[in-house]
Every structure is written in C-alpha cells, then in structure tokens.
Amino acid sequence: MECKYGTFRTSGIAKFVRFLFLSLNIEHFCGQSTVGYMLQELKELRKSTSEDNALDSTYGRIIVTIKRQSKNRVAMALNTLCWLTKARRTLTIEELRIAVSIVPNSSELKEDFLADWMVLTDICASLVVIDDNGTIRLAHFTVQEYLLRRNEIPAGADSTLAIACTTHLA
C-alpha cells in the first residue's frame, strides 16, 4: 500500500479489521432513508474515525441500536453477547439457544421461550456470526474486547451464567 510516507505492507489482520469495519458500516448506511442521510452519516463516521478508534465508534453505534429494541429483545441480545463473551469455548447454535432461553427460577426448559437462531443473530445486529460448522460466535475478537472494556457485560454475569447452567443441569 502506498501513502505519502512511502510504501508499506498491510498485515492480514489489519485487512480483516478494515473489512469488518466496512461491512458493519455498509449495513448502517443502506438503512438510511435518503442519500442526504447517507452522506450525513458518512460525515459523522469520518469525524469519529479521526477522533478515536474506528471500530469502537462502530460498536458503540451498534450497541445503541441493540438497546433501542423492545425490552425482551434487548435482554436476549445482551444475554447472547454475555454468553458468547464469557464462554470458554465456541458454542453451537443449539447450546446458545438453550442457554439464552432458560427462565430464571425455573427448574425446566420451557419450549415457549426457546429462541430461534435467526432471532439471535438479528437482535445482536451484526455482532454475532454463524459458522459453517453450526457454531455461533462474536464477529471478531475486538467485539469481546469492546464489550468488556466498555462494561457492556453486567458485573454479575458470571454468577448469572452459573445459575443458568445449574438450572439446565437440574
């Protein structure tokens, strides 16, 4: 890649982060109602990327979008992000569906609360992806870093997840 200071190589990780940044923002731009609003959002993006970490501002916007959903969708989205952030291994879609569907103070899994996998990806607004092998994960390791650094994962998350695991095992 060439710039005014000479030629340099871009690492594979840097290229992927740029691709991730672009793909997360394209969806946002396409959601605008007019060209004028698209241009306005592009100006805001340029301003935010020059002031701080570009991915942080994008993740922040996505979190705001998630929190504007209905109360139950917000709770399930944050629960999903919590499980994917705190899990010690990659979860299958079915494992996550069950994990986020456990109702507190219940001794059994209630089928009526079992989340559809498409809903889980939709409510998390591009922060989660499903792999070809049937696992679901955060879109990039920087999502986990952002969620933990910005305290988007509740402080008592570990105990909440432990209770959910115990409930499921019972």
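We did not get these values from a lab; they are worked out from the coordinates using the rules stated. Model, not experiment: these values are computed from the prediction. Every residue, glycine as well, gets a Cβ built from its backbone with ideal geometry; the counts of neighbours run over all protein chains shown.
Can you work out the FRET efficiency for the pair Val103 and Glu145, with r the C-beta to C-beta distance and R0 = 25 Å, to the nearest 0.05? Efficiency for this residue pair is about 0.25. Each residue, Met118 and Asn53, gets one label point 7 Å from its Cα in the Cβ direction; the gap between the two is 3.4 nm. Modelled spin-label separation between Thr167 and Ser33, with each label point placed 7 Å from Cα along the Cα-to-Cβ direction: 3.9 nm.
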